[in-house]
Amino acid sequence: MQEIDAFIERTRDERLADFLELLSIPSIGTLKEHDADTQRAAEFIAERLTGIGFDNVEISPTGGHPIVYADWLHAEGAPTVLVYAHYDVQPVDPLDLWKRPPFEPVVENGRVYARGAADDKSHVHLHLWAARAWLETHGRLPVNLRIVFEGEEESGSDHFDPWIEANRGRLSANLAMISDTGFFEGNKPAITVGLRGLVYMQIDVSGSQLDLHSGSFGGNVQNPANALATIIARLKNDDGSVAVPGFYDQVLALTPREREEFARMPLDLEAFKRDHGLYELFGDPDFTLLERRGARPTLDVNGIWGGFQGDGSKTIIPAHAHAKISSRLVPNMDPERTFQLIRDFVLSVAPAGVKVKISKLNDGMWSRTPIEHPAVEAAADSLEEVFGERPYYLYEGGSVPAGATFANILGLPVLLLGFTQPDDQAHAPNESLRLDNYEGGLRTLVRYWQRLSTETF
Ligand SMILES: [Zn+2]
């Protein structure tokens, strides 16, 4: 590791200049007028990958912005890691709130300021240089790597899943590592090990072809809006738990060690309420807020409509009423089975006199890698060695599309390791990255590949 640390030390200026060059390419994937820039960022990365010594470097077309693929597979007997990051960036408006032009990166107060400095060119660049550090000093990497750098993360990833599906034959790996996240509040090192899944549904209730006069028909027909309210009211118990029979049957209990790790994370509930403008917290008292967010399923109404919505009054019985509902899923819930349980329950509690339809709009898989998994332990040890603190384990309440993709399509354990932090202003004006996180991130990655090399999983 000494030679590698010396390499990192002596390339500091060169690396920073290279990073700033990448940041100066306005690869705003969502804007047509920047398509050539987005392509140029892909070419920049592909050129670096080739120069470093990766094989099969390819700017792979997707129907949208290309995926930059490369591999290095000469570490016989060592694990293969599929490394994900993205090179597209968010738009920059409102431009007048930027203190410096977003694509003229500057270093100030120990930070690099530019669009993409944190999200997510930092990680693209760190992975390039972590590999280079190994290959230049040792002529080899301790693990096998498959690089998948996306160019459409900020614009919906429409072509990502189809590309992964089409290329699954050459994406075999033991672990998916997503570098697009970061540390916990207060710049505390963290590894994200859990993401929730989702099933999204719509309920449609109809009673007649047209709205009816409530004076002429009230009392003689079922009201679809009332019927929908009845259905929705039956979905949850007063304590907030979900009343759908079987809903919790597949939920994996947290281990005592996982609960200990949750308890270790500092969280000031009053500050949390204040920061998010909440009046009250509400949830299952058997779990903490972070546990409920990361490791318990939900069922929520996301939207509800029907009947008269305008000013004043209009005396009708609406012809139909609708609701969007969604359920956040945790291990080991099956999205399709969860939908079927909810569907059967909704239909069974539907009041007489209306037609009720429930359809699934989309779903996504959860992912969770146990904290005892060798790949997680190796990451924790590497972070601790570099940053001097035992990392926290994060369980996201939402999902990260690439995480669901790797869990769903490739069936890989997913680990999210990144070095940004909550106040980097990703997606906002004056985005930046702490240079010490950047340097520490690089030292962590080179150590991580080393530690991982002797693990089997
Ligand atoms: Zn990102």
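The values are calculated or read from the model by the stated rules, or taken from the named source; none is laboratory data. The model shown is predicted, which means the values in this text are computed figures rather than measured ones. Please note: Cβ atoms are built from the backbone with ideal geometry, for glycine as well, and neighbour counts cover all protein chains shown. These area figures cover heavy atoms from the full protein model, side chains too; ligands, DNA and RNA do not enter into them. Shrake-Rupley method; radii C 1.70, N 1.55, O 1.52, S 1.80 Å.
Within segment 332-371, take every residue that is among the polar types (S, T, N, Q) and part of a helix (DSSP H, G or I) and give me the one that is nearest to Leu252 (Cα to Cα). Outline the logic, then answer.
Filtering segment 332-371 down to residues among the polar types (S, T, N, Q) leaves 332, 338, 340, 348, 359, 362, 367, 369.
Those left that are additionally part of a helix (DSSP H, G or I): 338, 340, 348.
Values: Thr338: 14, Gln340: 19, Ser348: 27 Å.
Of everything passing the filter in segment 332-371, Thr338 is nearest to Leu252 (Cα to Cα).
Restrict the check to segment 372-387 and report whether at least one residue is farther than 28 Å from Leu23 by Cβ, more than 16 Å from the ligand (Cβ to nearest atom) and outside any helix (DSSP H, G or I).
yes
With Gly182, Gly197 as the choices, which residue is over 23 Å from Asp55 (Cα atoms), open to solvent by less than 10 Å² (accessible area, probe 1.4 Å), within 16 Å of the chain's Cα centre (by Cα) and in contact (Cβ under 8 Å) with a residue 40 or more places away in the chain?
Values: Gly182 fails: open to solvent by less than 10 Å² (accessible area, probe 1.4 Å).
Result of the check over Gly182, Gly197: Gly197.
Within segment 256-309, track down each residue that is acidic (Asp, Glu), assigned to a loop (DSSP other than H, G, I, E, B) and open to solvent by 70 Å² or more (accessible area, probe 1.4 Å).
Asp268, Glu280, Asp286
Return the residues of segment 157-182 that are away from the ligand (no atom under 16 Å from the Cβ) and part of a strand (DSSP E or B); say none if nothing qualifies.
Leu175
For segment 402-439, name all the residues that are touching a Phe, Trp or Tyr at 6+ places or on another chain (Cβ under 7 Å) and surrounded by fewer than 19 Cβ atoms within 10 Å (Cβ to Cβ).
Result: Pro429, Asn430.
Considering only segment 369-382, I want to know if a residue exists there that is touching a residue at least 24 places away in the same chain (Cβ under 8 Å) and under 25 Å from Val199 (Cα atoms). Spell out the reasoning first.
Just the residues of segment 369-382 that are touching a residue at least 24 places away in the same chain (Cβ under 8 Å), to begin with: 369-376, 378-382.
Keeping just the survivors that are under 25 Å from Val199 (Cα atoms) gives 369-370.
Yes, there is a match, as at least one residue in segment 369-382 is touching a residue at least 24 places away in the same chain (Cβ under 8 Å) and under 25 Å from Val199 (Cα atoms).
Can you name the residue in segment 84-119 that is more than 21 Å from Leu16 (Cβ to Cβ) and charged (D, E, K, R) and, of all such residues, is farthest from the ligand (Cβ to nearest atom)?
Restricting to residues being more than 21 Å from Leu16 (Cβ to Cβ) and charged (D, E, K, R), the top hit is Asp96.
Looking at the structure I just gave you, is Ser206 more than 30 Å from Gly64 (Cα to Cα) and either within 16 Å of the ligand (Cβ to nearest atom) or touching a residue at least 40 places away in the same chain (Cβ under 8 Å) (or both)?
Details: more than 30 Å from Gly64 (Cα to Cα): yes; either within 16 Å of the ligand (Cβ to nearest atom) or touching a residue at least 40 places away in the same chain (Cβ under 8 Å) (or both): yes.
Here the answer is yes, as Ser206 does meet what is asked.
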